[in-house]
Amino acid sequence: MKTIADYLDDIEGPDPAQRTRAYNELLDLTEGIVDATGHWDRIAAYMDSKDNHLRSIGGQLLCGLARSDPEGHFFDYFDWIKRLTKDPMFVTARHVLQASYRIGLAGPKYRKLVLDFYEERYDDCAAERNASLIRFDILVCMKKLYDAKRDPALAERARQRIMTVSSDTDRTKYRKVWKDV
């Protein structure tokens, strides 16, 4: 059976198919609790890579590892996650943002951290080129957290964000994410 180190070696290797398999295996592993002792810094280093794929992988893996974080390592890297949601490569930023809801599944302290970030990011992206997509992704992430925890306060936070949007088209699209709540 492969270890996290083996998968990381494959991600860093030259074979694209092997990299993809290793990435998918690691994402699957982070759906549960995994012992990432000794690997946090190695994964975090991906977020500073010149390769946008590695930046995306690093951000997504760290979001998934939040649930496996009894020592609080994740909090050392959260600012990097936030930075990646503004990556110059929009696809990288979007992949990390879409994975960030997994942070909130780690517990109340993590959920508060990510929800506060969502509200900040939702508001500060207004002038960005892809603001509508960013806001949509944030609302989808909030909905995933709501579905996992059924917290009415979270639903209210999302509704308040939706009401701040001036575009009827965007507001209608955002409401559809929350239609069953």
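Taking K149, is it more than 24 Å from Q60 (Cα to Cα) and either touching a Cys at 6+ places or on another chain (Cβ under 8 Å) or loosely packed, with under 15 Cβ neighbours inside 10 Å (or both)?
When the stated conditions are applied, K149 does not pass them.
Across the stretch 90-129, which residue is surrounded by the most Cβ atoms within 10 Å (Cβ to Cβ) among those that are basic (K, R) and under 19 Å from G59 (Cβ atoms)? Checked the stretch 90-129; the qualifying residue surrounded by the most Cβ atoms within 10 Å (Cβ to Cβ) is R102.
Between S167, S132, the distinction of being surrounded by fewer than 18 Cβ atoms within 10 Å (Cβ to Cβ), at pLDDT 95 or above and among the small types (G, A, S) belongs to S132 only. Scanning the stretch 147-181 for residues that are of a type in the set (D, E, K, R) and part of a loop (DSSP other than H, G, I, E, B) returns R150, D151, K179, D180. Residues in the stretch 58-106 that are closer than 21 Å to K149 by Cα and acidic (D, E): D69 alone.
Listed here are the residues, each with its yes/no results for (1) under 24 Å from A106 (Cα atoms); (2) touching a helix residue (DSSP H, G or I) at 6+ places or on another chain (Cβ under 8 Å); (3) polar (S, T, N, Q); (4) not in a loop (DSSP other than H, G, I, E, B).
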site: P14; (1), (2), (3), (4): no, no, no, no
site: N24; (1), (2), (3), (4): yes, no, yes, yes
site: G32; (1), (2), (3), (4): yes, yes, no, no
site: I43; (1), (2), (3), (4): yes, yes, no, yes
site: S49; (1), (2), (3), (4): no, yes, yes, no
site: R55; (1), (2), (3), (4): yes, yes, no, yes
site: L61; (1), (2), (3), (4): yes, yes, no, yes
site: G64; (1), (2), (3), (4): yes, yes, no, yes
site: D79; (1), (2), (3), (4): yes, no, no, yes
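Got a number for residues in the stretch 81-94 being part of a helix (DSSP H, G or I) and either over 20 Å from L113 (Cα atoms) or touching a Cys at 6+ places or on another chain (Cβ under 7 Å) (or both)? Quick ask: steps written out before the conclusion?
Here is the first cut: in the stretch 81-94, the residues part of a helix (DSSP H, G or I) are 81-84, 90-94.
This time we only want the ones that are either over 20 Å from L113 (Cα atoms) or touching a Cys at 6+ places or on another chain (Cβ under 7 Å) (or both), so: 81, 90-92.
Adding up the residues that qualify gives 4.
Determine which member of the set D137, D180, D170, D147 is free of Cβ contacts under 8 Å to residues at least 40 places away in the same chain, under 23 Å from A93 (Cα atoms) and out of contact with any strand residue (DSSP E or B) (no Cβ under 8 Å at 6 or more places or on another chain). Write out each step before concluding.
Values: D137 fails: free of Cβ contacts under 8 Å to residues at least 40 places away in the same chain; D180 fails: under 23 Å from A93 (Cα atoms); D147 fails: under 23 Å from A93 (Cα atoms).
Among D137, D180, D170, D147, only D170 is free of Cβ contacts under 8 Å to residues at least 40 places away in the same chain, under 23 Å from A93 (Cα atoms) and out of contact with any strand residue (DSSP E or B) (no Cβ under 8 Å at 6 or more places or on another chain).
The values are calculated or read from the model by the stated rules, or taken from the named source; none is laboratory data. These numbers come from a predicted model, not from an experiment. Glycine gets a Cβ as well: all are built from the backbone with ideal geometry, and neighbour counts include every protein chain shown.
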